[in-house]
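Trainee: There's a structure below that I have some questions on.
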Amino acid sequence: MNNSMFRFVFIPILILIIYWLTSSIRNKLAKPKYKKNIQTPGLFDHFLLKLLTFLAIFSALLTVLGFFIQETEMTIAFLVLTVISTGIVMVLKRQYDISYQENSEYFILNAQQKEYKVFYENIVDWQPAFNEIRVLDETNSDNEYIRVNIAMLKPEILLRKIAEMTFEGKFHSFDDEYFEDPTREYQITNYLIQNNYGYLIEDYVEE
């Protein structure tokens, strides 16, 4: 592989690796910011956003520099890096525009300029996703799943309620997808453990 191809491939891969590493660290160490009982993304997430923003600006400047000194390979490599890092920053900014609060009866999520108030008793299904859990509220007229971030936020009451309802059989499914786990107990157990929320179901796991 020549140097130009190496730079063209290596730099985008490097930024993706950095992003995945910081995301993994965030899942284990980051804590949301609390104002009374309202959660918003914490200091680590804002640091990550600033870091990627700096990287996007820095790579954009190097792209311009490469263009003026007529270094085609340099221009292309840093242009790709700029596009990737800028895309990540835009996605993160959209994700960070959220707030969340919960109590023993319901949770309130503000995301994407919408407010969702969901009573746990009205949740009829849940789906796992990367860094989030999706819940279906039977009173929601559009029949769309509501996405709650579990990496930037700590929806412990919601997750505990989902686990309790799962072990009570509320989400029992006859779909072929859950043929080997119709009660979905293994699914919720693995999901919570993999996302560092295993402590919420210690009693169930021991049983």
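The values are calculated or read from the model by the stated rules, or taken from the named source; none is laboratory data. Owing to the predicted nature of the structure, the values given are computational and were not obtained by experimental measurement. Don't worry about glycine lacking a Cβ; one is built from the backbone with ideal geometry, like all the others, and counts go over all protein chains shown.
Trainee: In the set Thr166, Thr183, Thr139, which member is part of a loop (DSSP other than H, G, I, E, B), surrounded by 12 or more Cβ atoms within 10 Å (Cβ to Cβ) and β-branched (Val, Ile, Thr)?
Mentor: It is Thr183.
Trainee: So, in the stretch 73-105, of the ones that are without any contact (Cβ under 8 Å) to a residue 40 or more places away in the chain, among the β-branched types (Val, Ile, Thr) and closer than 17 Å to Leu49 by Cβ, which residue ends up surrounded by the most Cβ atoms within 10 Å (Cβ to Cβ)? Walk me through it before giving the result.
Mentor: From the stretch 73-105, those without any contact (Cβ under 8 Å) to a residue 40 or more places away in the chain are 75, 79, 82-83, 86-87, 90-91, 94, 97, 105; that's our starting set.
With the extra rule that they be among the β-branched types (Val, Ile, Thr), the set shrinks to 75, 82-83, 86, 91.
If we keep only those that are closer than 17 Å to Leu49 by Cβ too, we end up with 82, 86, 91.
On the way: Thr82: 21, Thr86: 17, Val91: 11.
The extreme case among them is Thr82.
Trainee: Restricting the first residue to the stretch 163-180 and requiring it to be assigned by TED's automatic domain parsing to the domain that holds Ile123, which pairs with a second residue that is of a type in the set (Ser, Thr, Tyr) and part of a helix (DSSP H, G or I) meet a Cβ separation below 6 Å and a spacing of at least six or different chains?
Mentor: Listed pairs, sorted by first residue: Phe167/Tyr204.
Trainee: Tell me, yes or no, whether the stretch 188-207 has at least one residue that is acidic (Asp, Glu) and at pLDDT 90 or above.
Mentor: no
Trainee: Sort through Leu153, Leu158, Leu92 and tell me the only one that's in a helix (DSSP H, G or I) and within 15 Å of the chain's Cα centre (by Cα).
Mentor: Leu92
Trainee: Can we say Ile123 is of a type in the set (A, V, I, L, M, F, W, C) and either without any contact (Cβ under 8 Å) to a residue 12 or more places away in the chain or buried (at least 19 other Cβ atoms within 10 Å of the Cβ) (or both)?
Mentor: For Ile123, the condition - of a type in the set (A, V, I, L, M, F, W, C) and either without any contact (Cβ under 8 Å) to a residue 12 or more places away in the chain or buried (at least 19 other Cβ atoms within 10 Å of the Cβ) (or both) - is met.
Trainee: Next question. Which of the numbered conditions does Phe167 fail, given that it passes all the others? Conditions: (1) touching a Phe, Trp or Tyr at 6+ places or on another chain (Cβ under 7 Å); (2) at pLDDT 95 or above.
Mentor: Among (1) touching a Phe, Trp or Tyr at 6+ places or on another chain (Cβ under 7 Å); (2) at pLDDT 95 or above, Phe167 violates only (2).
Trainee: Okay, next question. Please enumerate the residues belonging to the stretch 34-52 that are in contact with a helix residue (DSSP H, G or I) (Cβ under 7 Å, 6 or more places away or on another chain) and either surrounded by 18 or more Cβ atoms within 10 Å (Cβ to Cβ) or free of Cβ contacts under 8 Å to residues at least 24 places away in the same chain (or both).
Mentor: Matches in the stretch 34-52: Pro41, Phe44, Asp45, Leu48, Leu52.
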